[in-house]
1. Mind checking which residues of the range 90-106 are surrounded by 13 or more Cβ atoms within 10 Å (Cβ to Cβ) and modelled with pLDDT of 85 or more?
2. Filter the range 64-88 down to the residues that are assigned to a helix (DSSP H, G or I) and either surrounded by 12 or more Cβ atoms within 10 Å (Cβ to Cβ) or of a type in the set (A, V, I, L, M, F, W, C) (or both) and list them by number.
3. Taking THR4 as meeting all but one of (1) closer than 21 Å to LEU97 by Cβ; (2) not in a loop (DSSP other than H, G, I, E, B), write down the number of the exception.
4. Can you tell me which residues in the range 24-63 are in a loop (DSSP other than H, G, I, E, B), surrounded by fewer than 12 Cβ atoms within 10 Å (Cβ to Cβ), touching a residue at least 60 places away in the same chain (Cβ under 8 Å) and on the phi < 0 side of the Ramachandran plot?
5. Can GLU45 be described as farther than 19 Å from SER89 by Cβ and not basic (Lys, Arg)?
6. Which residue pairs have Cβ atoms under 6 Å apart, sit 6 or more places apart or on different chains, and have a first residue in the range 3-20 that is under 13 Å from TYR48 (Cβ atoms) and a second that is in a loop (DSSP other than H, G, I, E, B) and hydrophobic (A, V, I, L, M, F, W, C)?
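The values are calculated or read from the model by the stated rules, or taken from the named source; none is laboratory data. All values derive from a computational prediction rather than experimental measurement. Every residue, glycine as well, gets a Cβ built from its backbone with ideal geometry; the counts of neighbours run over all protein chains shown.
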Amino acid sequence: MKLTIKAPCCSSVRTCRDTVKYVIDVEKREVIKEIPAVRCYRGVERIYEIEIAEEKASKIVVIEHYVSNRGVHYLYFEYPREPPVDVVSIVKEVLGLREVRKVVVR
């Protein structure tokens, strides 16, 4: 199975630095790929293709992590569309986050 992931967009140096998309293996509890944000308004676009075995597809999570000016963490889940509660806690553990203000499913 091929997973196609578009790099997150950002609008300033700070938001580019503080926005990252992660591909996480929930079973092994590790980050497979870290994708930095790009300035889409300047015409920059990056698309990544990651090859995943079919049996591993259910154990993969794709999230966008953003930290606001005040240090508030936001997680935007892209894959799977509706993650179970235990997956959210595993993602927080892998990223080393204690408190996440908002968890959004796209």
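1. Listed by number, the residues that qualify are ILE90, VAL91, LYS92, VAL94, LEU95, LEU97.
2. Correct list: VAL85, VAL87, VAL88.
3. (1)
4. Once the filter is applied, which keeps residues that are in a loop (DSSP other than H, G, I, E, B), surrounded by fewer than 12 Cβ atoms within 10 Å (Cβ to Cβ), touching a residue at least 60 places away in the same chain (Cβ under 8 Å) and on the phi < 0 side of the Ramachandran plot, the range 24-63 yields nothing.
5. Working: farther than 19 Å from SER89 by Cβ: yes; not basic (Lys, Arg): yes.
For GLU45, the condition - farther than 19 Å from SER89 by Cβ and not basic (Lys, Arg) - is met.
6. LEU3/ILE52; PRO8/ALA37
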